[in-house]
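Okay, structure first, notes after.
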Amino acid sequence: MVKIEESITKVAHPLAPLTEEEIQKAVAILKAEKNLNDLVRFPTVALNEPKKEIVLNYKEGDAFDREVFFILLDNSISTTYETVVSLTTSSVVRFEEIPDVQPGIMFEEFLECENLVKNHPDFKEALKKRGIENSDLIMVDPWSTGYFNIPENEGKRLARAICWQKKFEDDNGYAYPLTGIVAYVDLNKMEVDRVEDYGVREIPTHDGNYYPETSDSIEFRQDLKPLEIIQPDGPSFTVEGNLIKWQKWSFRYGFTPREGLVIYTINYNDKGVERPILYRGALSEMVVPYGDASFAHNSQNAFDAGEYGMGQLANSLELGCDCLGHIHYFDAVLSDSAGNPRTIKNAVCLHEEDYGIGWKHTDWRTDHMEVRRSRKLVISFFCTVGNYDYGFYWSFYQDGTIEVEVKLTGMLNTGTFDETGKSKYGTEIAPGLNAVHHQHFFNFRLDTMLDGVKNSVVETETYAEPEGPENPYSNAFYPVSRTFKTEKEATRILDLQTQRTWKIVNKNSLNFVGQPVGYKIMPGENCLPFAHDSSSVIKRAGFIKNHLHVTKYDENEMYATGKYPNQHKGGEGLPKYIQKDRAIDDEDIVVWYTMGHHHLTRPEDWPVMPTAYINFHLKPVGFFDRNPALDVPRPPKKNACSVSNTQAKPSCH
């Protein structure tokens, strides 16, 4: 045991996010006890979450162990380690080599990679062939290499760098792709492994600037009046550490380098009883397969969470830009690749939003009308992964609904055309500029806990009643439900023909009509992949072939692509988990939902994309006895409420 003198401020809950001083102490303990050299990097520093039973049985004031989980990479010997440091005992309690894996690409490696490529003689020679003498205005995006059985790549930790040219410092370089130049960088040695030149292509000539300081074609609209969102009495939510309470909802938030925002222990207070719904929910993985067969794009399959880390690439949010209204911000405390604490200010935004009509009915006989405004609590973060920007939003509604939404914006991945001047795999979004068709798949891991940890999943399909005497007007239809018994049985896709849906239930908790309480997954936009089963992306991200997986809870099964997808050959994650075919009926289960955005690019996506929205809802089905939003107050009269007739019946317009 190593004695570290620094004291740690006591945290209030086992799931409280790590503080800067906790990271400093944990790193100091690890370096001292294991005598780490300067070439050891820290791809992951995160809270080692306590076991579920510890959290669920925790009472305020109870003592608990505080641990930090590390993934380490020793660049000098290309070796990966996992370790756990106890802050409670100031000791390393686990230190294990993990063979044949590659941690995700670290934030600092992005910057180092760009500088290396721009200054390499082979790269400069390729630029000269294109009439470019100076590399100062070259943009280099280091992409993960994936795994394509390329002999030159075996045994190396690599990034595949592609580049663009800016005309001036604030220019949008994505308008001028240098398609044809590909550089591979050995991230362990931090040196250029090789530069490949596939030939000079004509560079587009039209700029892609999108703010008025750099574009003469943009003039702001002059007819937009101010829209102010004010809460003179403050917000309706309260924040105690990482515990958030709003209306009848309560939950805790966390933040990890890989997942970004994590939501813990979601409860709804129903008639004075705190009813659990979800133990833990977070993005598990997102994969972006590109659909171009050419050398420039055929290996582009970004695993944005597992290969880069959504949390480490989070933005600092700004009031009036990213969030409106009365905002509460949370900082994200992470570490850099050297193990130093790195704080992203205002990484998480918490606020309330009006959401239109919550419910309404007018009795046309009496002209009595009742209406309630809907309001939701939103907690969110935004991150930038290379050219794309993603926002992740969890919303809580007064009627017990939970929404998970992703907002997609930013830059298209651009390239140029070959000698044919066209491509069947993309769209010409500006003269000579090609944007490749692609897809985005988001998998969310939902550790459900409806009225307890023992849950099941029910699939419901709807069928038309056969024509005949029992269906005289040929209009009848009915639902048929079944409960999944094992993991393989619960590997499913959506089906519009049967309106297939999935409901999480607790057989041990019955509602007032004697049915198991439940929450249904309500899908939004979705799609399926077009890559063949033999493709690298399907081998590595087989989960995208299905919209639903259900597994028995295992604290080591956290990610749909496994713990180390970077340069992995495949076969890990959900496809491997479900091979155990464990029982999932009336068990502690995890529901994995995958949603996909199918992006056939268009000129309107350039030079910066209007936001695309993709979501799903968790909607109560028999969880409550009746509409839980009946007790929402009438809108105040100062908000244009009046009476609808001489009998002074309330109305709001």
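Return the residues of the stretch 509-545 that are of a type in the set (Gly, Ala, Ser) and touching a Lys or Arg at 6+ places or on another chain (Cβ under 7 Å); say none if nothing qualifies.
Correct list: GLY518 only.
Quick grid of which residues meet (1) outside any strand (DSSP E or B); (2) among the polar types (S, T, N, Q); (3) under 27 Å from GLY518 (Cα atoms); (4) at pLDDT below 95:
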| position | (1), (2), (3), (4) |
| --- | --- |
| VAL550 | no, no, yes, no |
| GLU555 | yes, no, yes, no |
| THR594 | no, yes, yes, no |
| THR601 | yes, yes, no, no |
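For the stretch 130-172, name all the residues that are over 16 Å from GLN102 (Cβ atoms), open to solvent by 20 Å² or more (accessible area, probe 1.4 Å) and small (Gly, Ala, Ser).
GLY131
One line per residue, one yes/no per condition, for (1) farther than 23 Å from GLU419 by Cα; (2) assigned to a helix (DSSP H, G or I); (3) free of Cβ contacts under 8 Å to residues at least 40 places away in the same chain:
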residue: ASP136; (1), (2), (3): yes, no, yes
residue: PHE148; (1), (2), (3): yes, no, no
residue: LYS167; (1), (2), (3): yes, no, no
residue: VAL182; (1), (2), (3): no, no, no
residue: LYS189; (1), (2), (3): yes, no, no
residue: VAL200; (1), (2), (3): no, no, no
residue: ILE203; (1), (2), (3): no, no, no
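Tell me which of these ASP585 doesn't satisfy, since it passes every other one: (1) among the charged types (D, E, K, R); (2) buried (at least 16 other Cβ atoms within 10 Å of the Cβ); (3) assigned to a loop (DSSP other than H, G, I, E, B); (4) within 25 Å of the chain's Cα centre (by Cα).
It is condition (4) that ASP585 fails.
As an exercise: evaluate SER651 against (1) of a type in the set (Gly, Ala, Ser); (2) modelled with pLDDT of 95 or more; (3) open to solvent by less than 30 Å² (accessible area, probe 1.4 Å); (4) more than 22 Å from the chain's Cα centre (by Cα) and give the number of the one condition it does not meet.
(2)
Hey, among ILE23, ILE71, ILE29, which residue is of a type in the set (A, V, I, L, M) and under 23 Å from ASP554 (Cβ atoms)?
Answer to the check: ILE71.
Given the conditions (1) open to solvent by less than 40 Å² (accessible area, probe 1.4 Å); (2) under 30 Å from the mean Cα position of the chain (by Cα); (3) under 21 Å from HIS297 (Cβ atoms), report the number of the one that VAL195 does not fulfil.
So VAL195 meets the others, but not (2).
Please go through the stretch 421-444 and give me each residue that is open to solvent by less than 10 Å² (accessible area, probe 1.4 Å) and more than 19 Å from TYR388 (Cα to Cα), ordered by number.
PHE444
Being open to solvent by 50 Å² or more (accessible area, probe 1.4 Å) and not basic (Lys, Arg) is the filter; apply it to the stretch 531-561 and report the residue that is nearest to THR501 (Cα to Cα).
This residue is TYR553.
Taking the condition open to solvent by 10 Å² or more (accessible area, probe 1.4 Å), modelled with pLDDT under 95, farther than 30 Å from PRO628 by Cβ and out of contact with any Phe, Trp or Tyr (no Cβ under 6 Å at 6 or more places or on another chain), does ASP418 pass?
yes
Select from the stretch 11-23 the residues that are open to solvent by 40 Å² or more (accessible area, probe 1.4 Å) and among the hydrophobic types (A, V, I, L, M, F, W, C) and list them in ascending order.
ALA12
May I ask you to list pairs of residues, at least six apart or on different chains, whose Cβ atoms are under 7 Å apart, with the first in the stretch 510-522 being farther than 25 Å from LEU548 by Cα and in contact (Cβ under 8 Å) with a residue 60 or more places away in the chain and the second being assigned to a loop (DSSP other than H, G, I, E, B) and open to solvent by 50 Å² or more (accessible area, probe 1.4 Å)?
Taking only residues 6 or more apart or on different chains, the pairs are ASN511/ASP625; PHE512/ASP625.
Does SER481 fit the bill of being more than 30 Å from GLY306 (Cβ to Cβ), free of Cβ contacts under 8 Å to residues at least 40 places away in the same chain and assigned to a strand (DSSP E or B)?
Considered against the rule, which asks whether it is more than 30 Å from GLY306 (Cβ to Cβ), free of Cβ contacts under 8 Å to residues at least 40 places away in the same chain and assigned to a strand (DSSP E or B), SER481 comes out as yes.
Pick out the one residue from TYR519, TYR564 that is of a type in the set (Phe, Trp, Tyr), open to solvent by less than 40 Å² (accessible area, probe 1.4 Å) and over 24 Å from TRP143 (Cβ atoms).
Step by step, each of TYR519, TYR564 is checked, and only TYR519 is of a type in the set (Phe, Trp, Tyr), open to solvent by less than 40 Å² (accessible area, probe 1.4 Å) and over 24 Å from TRP143 (Cβ atoms).
Taking the stated definitions as given, is THR384 surrounded by fewer than 22 Cβ atoms within 10 Å (Cβ to Cβ) and under 25 Å from TYR519 (Cβ atoms)?
no
For the stretch 330-448, give me every one of the strands (runs of 3 or more DSSP E) that falls completely inside it and has 1 or more residues that are in contact (Cβ under 8 Å) with a residue 40 or more places away in the chain and within 16 Å of the chain's Cα centre (by Cα).
Those strands (runs of 3 or more DSSP E) span 341-363, 368-385, 388-397, 402-410, 438-448.
When you scan the stretch 247-263, how many residues do you find that are surrounded by fewer than 21 Cβ atoms within 10 Å (Cβ to Cβ), on the phi < 0 side of the Ramachandran plot and touching a residue at least 60 places away in the same chain (Cβ under 8 Å)?
2
What do you reckon, is TYR577 of a type in the set (Ser, Thr, Tyr) and part of a loop (DSSP other than H, G, I, E, B)?
Taking the combined requirement at face value, the residue does not satisfy it.
Can you tell which of ASP207, ASP216 is in a loop (DSSP other than H, G, I, E, B), surrounded by 11 or more Cβ atoms within 10 Å (Cβ to Cβ) and out of contact with any His (no Cβ under 7 Å at 6 or more places or on another chain)?
ASP207
Quick one: would you say LEU528 is under 30 Å from SER294 (Cα atoms), open to solvent by 50 Å² or more (accessible area, probe 1.4 Å) and at pLDDT 95 or above?
yes
Do you know which residues across the stretch 118-129 are open to solvent by less than 80 Å² (accessible area, probe 1.4 Å) and in a helix (DSSP H, G or I)?
LYS118, PHE123, ALA126, LEU127
The values are calculated or read from the model by the stated rules, or taken from the named source; none is laboratory data. The structure presented is a predicted model; accordingly, all values stated were derived computationally and were not measured. Methodologically, a virtual Cβ is constructed for each residue, glycine included, from the backbone with ideal geometry; neighbour enumeration extends over all protein chains shown. Side chains are part of the model used for accessible areas, which takes the heavy atoms of the whole protein and leaves out ligands, DNA and RNA. Shrake-Rupley method; radii C 1.70, N 1.55, O 1.52, S 1.80 Å.
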